[in-house]
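Just below is one structure, and these are the notes that go with it.
Please treat every number below as a calculation from the coordinates, not as lab data. The structure presented is a predicted model; accordingly, all values stated were derived computationally and were not measured. Virtual Cβ from ideal backbone geometry, glycine too; neighbours counted across all protein chains shown.
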Amino acid sequence: MQNHTKGILYASTTALFWGFLAIALKVAVREVEPVTIVWFRFIVAFFILASIQLFKNPSSFKIVVKPPWLLLLAAGGLTWNYFSFMLGVHYTTPSNAQLFIQTGPIMLAIAGVVFFKEKLNRSQIVGFVIAIAGLSFFYSDQLSAFFDAKGQYNKGVVLVLTSALAWTIYAVSQKKLVSKYSVESLNLFLFGFPALIYLPFVDFEPLWTLHWTWWLLLIFLGANTFIAYTCLAQALKYIEANRVSMIIIINPIITFITMAILTEINVSWIAHERFSPLTFLGAMLVITGAVLVAKKRKSKRQ
């Protein structure tokens, strides 16, 4: 399998898992404190990866003892990204959080051109414009609500925007690091460092009274973290940052489809959301733009 195809598949897997993430977080925060959820996501992801690496490649733990400064920067960005996004989802809705977190992939695409000197062809530029226009249509109702709303809603949006910036810092650092270090060794530190940082703030007592279904949800969130970020790191290793960013930007479409289904079957455990015809137009434009950006360039004969 060619590296380009591998990168597309890895980035698409990340988009798929992130599409369900905001909904799962919105449900989890009903019973578990945000900081506990964030810690649980990191610790589950760390133990899954550590268990694999103990048998597969024990030497990958060396980076935990003496991490490079760029890895510390990436870990700091990821630490704030998780917590601020968690709070953002808590104060607003899953779809709104997914809208504003997309500024992260957009900033990553810009960073790809500025820092990594990635070239954009004509179809990619058109794809970016179409995708961004699609996001505007897709969330037209949510955007108008942002300008009209006050208090906690806007507080949640601001938190999500800081989360997007922190994620961009992580992703740019990770893009540079994967050229020198293995994905597994990097993620050992990226999962373990935040787990240690948040440990003093975790209240364990309420966890022991949780029903087993809530435990399943927490484990899913941890597994989601492990799979999504492992695939993201691999995608950044195989293809350009601007392609990765435009593929993962389709994850709100998955959130939208899931929320539409949940609204249609009238579930009681999450607030319903309504979407206008512009939402459907926006969804098609985002997908079209993403395909144009991700499309492989035709090689030119000398």
Which of I37, I239, I257 has the fewest Cβ neighbours within 10 Å, and the rest in rising order: I257, I239, I37
Among E31, E240, rank each residue by its count of other Cβ atoms within 10 Å, from fewest to most, as a rough exposure measure. E31, E240
Across K26/K62; K66/K175; K66/K237; K56/K119; K6/K117; K117/K180, pairs whose alpha-carbon gap is larger than 27 Å: K26/K62; K56/K119
Relative exposure of T162, T225, T168, judged by other C-beta atoms within 10 Å (fewest first): T162, T168, T225
Can you show me the helix-derived [θ] at 222 nm for the chain, built from DSSP H runs with n ≥ 4 at -39,500 (n - 2.57) apiece and divided by the number of residues, rounded to the nearest 500. -25500 deg cm²/dmol
Looking at region 205-280, which chymotrypsin sites (Phe, Trp or Tyr not before Pro) are in a loop (DSSP not H, G, I, E or B) and have at most 14 other Cβ atoms within 10 Å? W269
Counting every Cα pair in the chain, what percent are over 23 Å apart? 55 percent
Check every DSSP H run in the chain and write down those whose alpha carbon atoms cover 27 angstrom or more along the long axis and whose mean Kyte-Doolittle hydropathy is 0.0 or greater. 3-28, 34-56, 69-91, 152-177, 212-238
Rounded to the nearest Å, what's the spacing between the alpha carbon centres of region 6-61 and region 182-212? Just the number, please. 10 Å
Given a 10 angstrom Cα cut-off, can you work out which residue in F61, F17, F115 is the most mobile in a GNM of the chain? F115
